[in-house]
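One structure is given below, encoded as structure tokens.
Read-outs: derived from the displayed coordinates by stated rules, not from any lab. Not measured: the values here are computed from a predicted model. Methodologically, a virtual Cβ is constructed for each residue, glycine included, from the backbone with ideal geometry; neighbour enumeration extends over all protein chains shown.
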Amino acid sequence: MNIKSIVDFSEAATAVEEYRPAQEKIFKGDPLQKVYNHYNSPCGQMNAGVWEGDPGQWRVNYTEHEYCEIVQGVSVLRDEQNQAKTLRAGDRFVIPAGFKGTWEVLETCRKIYVVFEAKDINK
């Protein structure tokens with residue numbers, strides 16, 4: 001490996017992937033999402049990039065561990081007991097594998113993410 005193997009998000013020419021959650025998972029809005037997945041590890045378990053989401057609310061079920069840094073907008077993450085955490089620009093956090101609840105975007109949101117695919121969410 002050398003310096004050319006470094007992935008600089010600001011220089012990456014990654015194609016955008018646009019998608020929406022499955023219709024049965026959407027509670028409100030039309031949450032178009034965009035992902036710029038700038039890095040995939042050779043083992044296939046780690047990814048990193050930039051995610052953007054439009055206002056809306058949908059069900060989430062994390063099978064991966066995800067580090068997030070909100071760089072724009074406001075979202076609310078709720079667990080299955082309806083306990084909520086508001087996420088704003090500057091917030092940094094980890095969502096552990098096994099988390100279930102909803103993600104709601106109140107103001108168009110942009111985050112940097114690093115995802116590690118869990119082989120066993122009980123570990």
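The packing ranking, built from the mean of other Cβ atoms within 10 Å per residue, places the peptides 38-49, 96-107, 70-81 in the order 96-107, 70-81, 38-49, highest first. Between Phe9 and Leu106, the contour length at 0.36 nm per residue exceeds the Cα-Cα span by 32.4 nm.
Quick one: check the C-alpha center-to-center distance for region 6-44 versus region 61-102, whole angstrom. Centre-to-centre (Cα) distance: 16 Å.
Dipole magnitude for region 1-64: about 160 debye, using +1 per Lys or Arg Cβ and -1 per Asp or Glu Cβ, origin at the Cα centre. From the residues Ile95, Met1, Phe27, which one has its Cα farthest along the dipole of the chain in the positive direction, the dipole being from +1 and -1 charges on Cβ of Lys/Arg and Asp/Glu about the Cα centre? Of Ile95, Met1, Phe27, it is Ile95.
With the charge dipole of region 13-117 set up from +1 on Lys and Arg Cβ and -1 on Asp and Glu Cβ about the Cα centre, the Cα lying farthest toward the positive end among the listed residues Tyr67, Val114, Ala84 is that of Ala84. In region 1-91, the ratio of gyration radius to Kirkwood radius, Rg to Rh, stands at 1.00 when only Cα atoms are counted.
Under 5 Å between amide hydrogens, built in the peptide plane, is the criterion, and for Phe9 it picks out nothing among residues at least 5 positions away or on other chains.
The phi-based Karplus calculation (6.51 cos²θ - 1.76 cosθ + 1.60; θ = phi - 60°) puts the 3J(HN,Hα) values of region 12-21 at 5, 9, 6, 5, 7, 10, 9, 7, 10, x Hz, whole numbers, x for Gly and Pro. The phi torsions of region 84-93, fed into the Karplus equation with coefficients 6.51, -1.76 and 1.60 and a -60° offset, translate into couplings of 10, 9, 8, 10, 10, 3, x, 6, 10, 7 Hz, rounded to whole numbers, with Gly and Pro shown as x. Given axes a ≥ b ≥ c from the Cα gyration tensor, I'd like to know whether region 1-50 is rounded (a/c under 1.5), prolate (a/b larger than b/c) or oblate. Prolate, because a/c is 1.5 or more and a/b exceeds b/c. For region 13-117, the dipole from Cβ point charges (+1 on Lys and Arg, -1 on Asp and Glu) about the Cα centre works out to 180 debye, to the nearest 20.
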